[in-house]
Amino acid sequence: MEFQHPIVAAPMAGGPSSTALARAVASTGAMGFLAGGGKTAAQLTEDYRSVADAGRVGVNLFVPDVANTAVDPVASRQRRAEKLTEFREKLLPFGDRLGVEIPTVEQAGANVTDDWDAKLHAAIQWPIVSFTFGLPAPAVFEQLHGSNTQIGVTVTSVAEARNAVEHGADFLVVQGPEAGGHRSVHDPQAEPEDIPLLDLLDAVGDVVEIPFVAAGGIITPAQVREVQEHGAAAASVGTALLLSDEAGTNPVHRQMLQEDRSGVTQLTRVYSGRVSRSLVNEIMELDAPAVYPEVNALTVPIKRAAAQVMDPRSTHLFAGTGYLQARTGPAADIVRWLAGERA
């Protein structure tokens, strides 16, 4: 895998990584990304067709527990329903305030594979695919390599990096704790390591020989240069693009990124069951179990309703540690600025 440009757009599921954003980023020579989490294979296939002529565009897939080699199937089922029932009770006041029904635990668990098999079948048509939230079996890598697909894996530790290389990854996305949105810890029950990004890059660089991209809190040209000095082939940026014209960031999220000048972000599981970094709000006071995607399904009606009425108390406000420096304007201009091509 070759990186001929220092910037990669991080895939941000839930709306921000629009086709318009992928196209705008790819138009600069950087790599755009489509976020496949929460979309059907048919939707994702259509999205890719609409940007296939734009330049280098990758497709990111969430790895469900059933396909994640880092998951213990027995441990992942223990007390699952009980934990979700307790969490659902905590959500009821938020649902009442916003006038929405919270799904039952059974409804929340109705779709836990995220159309995985169909997406893998479609993925043979995509030249660049990355995996987040886990590590598929080596057979998956062999299947995609058979169609000359280049495969990346997001990792958060040296152990995960080693495992990804052993399974057949062509490149890694090394994600530090500064990252906004979700941490891609392979074991969903595990707490993420807190090794700073630059130290993690050094440690991963000592044990792997494939290219790696740096992710986590990168929001200025100086930080892009810094991660390259620590061995990264490119910088993956997400928060840096959330305020761009083409991003599908919802209005309340966009507003809070500009109005909250505290500079404070916090880790939480409340939005999905997976650890993520966000601006601090009321719903983050709740403790959520490490159960994805069921926690996400339980909170979706609340998050959507809160976004519709511009209520920042109850919807996700994902942000990396450097969000105060995020720029507005065309995504292409932001990418060129990050790459040191323009002021």
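Computed from the coordinates by the stated procedures, all read-outs in this text should not be read as laboratory data. Here the structure is a predicted model, which is why all the values come from computation and not from measurement. As a convention, Cβ positions derive from the backbone with ideal geometry for all residues, glycine included, and neighbour counts pool all protein chains shown.
The table below gives the values:
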item	result
Selection status of Ala305, surrounded by 15 or more Cβ atoms within 10 Å (Cβ to Cβ), touching a helix residue (DSSP H, G or I) at 6+ places or on another chain (Cβ under 8 Å) and over 23 Å from Glu178 (Cα atoms)	yes
Tally, over region 291-334, of residues that are under 27 Å from Ile218 (Cα atoms) and either of a type in the set (A, V, I, L, M, F, W, C) or part of a helix (DSSP H, G or I) (or both)	14
Residues of region 249-283 classified as among the polar types (S, T, N, Q) and in a helix (DSSP H, G or I), total	2
Contacts under 6 angstrom Cβ, first residue in region 329-340 being in contact (Cβ under 8 Å) with a residue 12 or more places away in the chain, partner buried (at least 20 other Cβ atoms within 10 Å of the Cβ) and part of a helix (DSSP H, G or I), 6 or more apart	Ala331/Leu21; Ala331/Ala24; Ala331/Val25; Ala331/Leu241; Ala332/Ala24; Val335/Val25; Leu338/Val224
Residue identified as of a type in the set (D, E, K, R) and farther than 22 Å from Ala307 by Cα among Arg88, Arg56, Arg97	Arg56
Residue count for region 115-137, restricted to those that are under 23 Å from Asp53 (Cα atoms) and of a type in the set (S, T, N, Q)	2
Single match in Asp333, Asp311 (criterion: surrounded by 15 or more Cβ atoms within 10 Å (Cβ to Cβ), under 18 Å from Thr239 (Cβ atoms) and more than 17 Å from the chain's Cα centre (by Cα))	Asp333
Residue list for region 210-248, restricted to those being touching a residue at least 12 places away in the same chain (Cβ under 8 Å), over 19 Å from the mean Cα position of the chain (by Cα) and surrounded by fewer than 20 Cβ atoms within 10 Å (Cβ to Cβ)	Ile210, Pro211, Thr220, Pro221, Arg225, Glu226, Gln228, His230, Gly231, Asp245
